[in-house]
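The values are calculated or read from the model by the stated rules, or taken from the named source; none is laboratory data. As the structure is a computational prediction, the values presented were derived from the model and not from experiment. Here Cβ is always computed from backbone atoms with ideal geometry, including for glycine, and neighbour counts include all displayed protein chains. Surface accessibility is based on the protein's heavy atoms, side chains included, excluding ligands, DNA and RNA. Shrake-Rupley method; radii C 1.70, N 1.55, O 1.52, S 1.80 Å.
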Amino acid sequence: MRIIVDNKIPFIKEAIEKIADEVMYVPGKDFTPALVKEADALIIRTRTHCNRELLEGSRVRFIATATIGFDHIDTEYCRQAGIVWKNAPGCNSASVAQYLQSTLLLLEASKGKNLSEMTIGIVGVGNVGSKVAGVARELGMRVLLNDLPREDEEGSTDFSSLQILAEECDVLTFHVPLYKEGKYKTFHLANDTFFRSLKRHPVIINTSRGEVIETNALLKALETRQISDAVIDVWENEPDINLTLLNKVFIGTPHIAGYSADGKANATRMALDSLCSHFSIQAEYLITPPAPENPVITATTPAEACLQMYDPRRDSETLKAHPELFEQLRGDYPLRREKTAFSVQLTAKG
């Protein structure tokens, strides 16, 4: 069996070489029709667009993406061509929740906001949004949830309309998949009309897909103070991002909110599990991230401990200083560990 693997997927080499006869490691942007023609399977990230142009005439029968999202896969073409694909739902949900927790604490510390007096609206309440809701509640925030597909399916009264979120929220955070059409369309969900409907000049956070927010509308909302601030991890036209927007946001990072070592290990494991299941392969492999350099955190408050584990300002400062390195900063990101990898010792001040 011949498998082509994105060379930025961590923890995979030793395990997959037990499974396949031939493995080739290639940058995600360098997958070509000639390269994949004789491959049986692909293991990819979001940088590889699996569509007719790439796959037609190949012998590829299975694709695993080591990501939650799958909008880079032409699922209809794969169905027609008999190509099975699998994603990794929930793999990095705890990592994104960690990013949100640190971001909210920075907003409280740097912007003079009292989280316990604020309402957060979560747009998209799947694996990620559900964990973000838990983090927000732990921080004492009032939480409103918006998820039209779930509301339609479950008939639950736990969800609020986007209009209510626009009227009542001090923070709005997006955790939706990218749907470009249909009833649940999320492409440019946050557009000029949306921003003009906001009542409380909220902070906007996006860690889902860049195309969920219309860049020019977001810029205008920042300039006219329809919103008070923005935290942007995902961008339209990556890696050629809007530099004016980058310089205006409170936190701007290179699509790494989900890039914890733990989340990456989960994604790699899920990709390999689905590969083995599809090809009826029995294989034993252990996917574990390395321990942190210092697993003991000493701090005076839980908030200080959280920011010692991960402070997104570092990633933001690096991107703002070198936006031309967006793809390199993302591809070579030094994987951080989640809070389960640490023990915390709280000490008295002074």
Within the set Asp21, Asp273, Asp229, GNM on the chain using Cα springs under 10 Å gives the largest fluctuation to Asp21
Given a 1.4 Å probe, the accessible area of segment 224-328 per residue, as a whole number of Å², is 46
The chain, Gaussian network, Cα under 10 Å: of Gly140, Gly155, Gly258, the residue fluctuating most is Gly155
Check: C-alpha center segment 184-248 vs C-alpha center segment 298-336, spacing in Å is 21
Simple spin-label estimate for Lys183/Gln308, 7 Å along Cα→Cβ, in nm, reads 5.0
Length gained if Arg200 through His49 is fully extended, taking 0.36 nm per residue and subtracting the Cα-Cα distance, is 50.5 nm
Carbon plus sulfur, as percent of the 1.4 Å-probe accessible area of the chain, comes to 47
Computed for segment 36-133: size of charge dipole around the Cα centre, +1 on C-beta of each Lys and Arg, -1 on C-beta of each Asp and Glu, debye to nearest 20, value 140
Once amide hydrogens are built 1.01 Å from N within the peptide plane, the residues lying 5 or more places from Ile205 or on another chain with amide H under 5 Å from its amide H are Leu172, Thr173, Phe174, Val231
Restricting to lysines and to Cα separations under 29 Å from Lys18, and discarding same-chain partners fewer than 8 apart, the set is Lys8, Lys29, Lys37, Lys86, Lys264
Sorted by chain and then number, the residues having a modelled amide H within less than 5 Å of the amide H of Val344, at least 5 places away or on another chain, are Ile297
To the nearest 0.05, the calculated FRET efficiency linking Arg225 and Glu324 through their beta-carbon distance, R0 being 30 Å, is 0.50
Counting as exposed only GluC sites (Glu not before Pro) in DSSP loop states with no more than 15 other Cβ atoms inside 10 Å, the longest exposed-site-free span of the chain is 57-180
Under a Gaussian network model of the chain whose springs join Cα atoms within less than 10 Å, the largest fluctuation of Ala66, Ala34, Ala271 belongs to Ala34
Checking segment 157-266 for trypsin sites (Lys or Arg not before Pro) in a loop per DSSP with at most 13 other beta-carbon atoms within 10 Å yields Lys180, Lys183, Lys185, Lys199, Arg225
